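Worksheet for the structure shown next.
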Amino acid sequence: MKKPIPLTVLPPAPAGLVPCTSCGKCCTYVAVGINAPTTPRTATDVLWYLYHEHVSVYRDHGREWAVIFDARCRHLQDDLLCAVYAERPHICRGFDNTDCEVNAPGGVTVFREPREFLAYLKARRPRVYRQVAKKYLPPALQ
């Protein structure tokens, strides 16, 4: 018989926040930080990411940018609990539902299609948008 592993009981989520055990969204993708699209180079990098299936880009309330690859963790169970919780990696231990994308104060902006990002770029960084539109957009996006 296996010896039970004592687990820390998490306090309930503050009122109004979605608890991790009813969401599990953070375990359905891999996010990697990227540079903000402040130049044609970094803006076309974002376009390149968005040209790929199952890839999106987001900007969080702290103005950090990341590329997201949809990929469910193999240890996320159907009940949204982690099968390796006691031995989970350091990166997982750093997640906090009070500051995740679901509960983020101020929200997040997610781009799933190149056109969504281009509209953002045109409104927020018109000089960069003009340079990108002049030289780096295929006809279907112009």
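The values are calculated or read from the model by the stated rules, or taken from the named source; none is laboratory data. These numbers were taken from a predicted model, which means no experiment stands behind them. With ideal geometry, Cβ positions are generated from the backbone for all residues, glycine too; neighbour counts draw on all protein chains shown. Just so you know, the surface numbers come from the protein's heavy atoms only, side chains and all, with ligands and any DNA or RNA stripped out. Shrake-Rupley method; radii C 1.70, N 1.55, O 1.52, S 1.80 Å.
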Can you give the Rg/Rh ratio of the chain, where Rg is from the C-alpha atoms and Rh is the Kirkwood radius? 1.08
Would you mind checking the tilt of helix 40-50 against the longest principal axis of the Cα atoms of the chain, expressed as 0 to 90 degrees and rounded to 10? 50
Quick test of your reading: applying the under-4.7 Å Cβ rule, which cysteines of the chain are isolated? Cys20, Cys23, Cys26, Cys82, Cys92, Cys100
For the chain, take the longest principal axis of its alpha carbons; what is the angle in degrees between that and the long axis of helix 126-135, to the nearest 10 within 0 to 90? 70
What FRET efficiency would be calculated for the residue pair Lys122, Lys25, taking the C-beta separation as r and a Förster radius of 41 Å, to the nearest 0.05? 0.90
Roll a 1.4 Å probe over the protein chains and send me the accessible area per residue for the chain in Å². 71
Using alpha carbons only, how many degrees (0 to 90, rounded to 10) separate the axis of helix 114-124 from the longest principal axis of the chain? 70
When the accessible area of the chain is split by element with a 1.4 Å probe, what percent falls to carbon and sulfur? 56
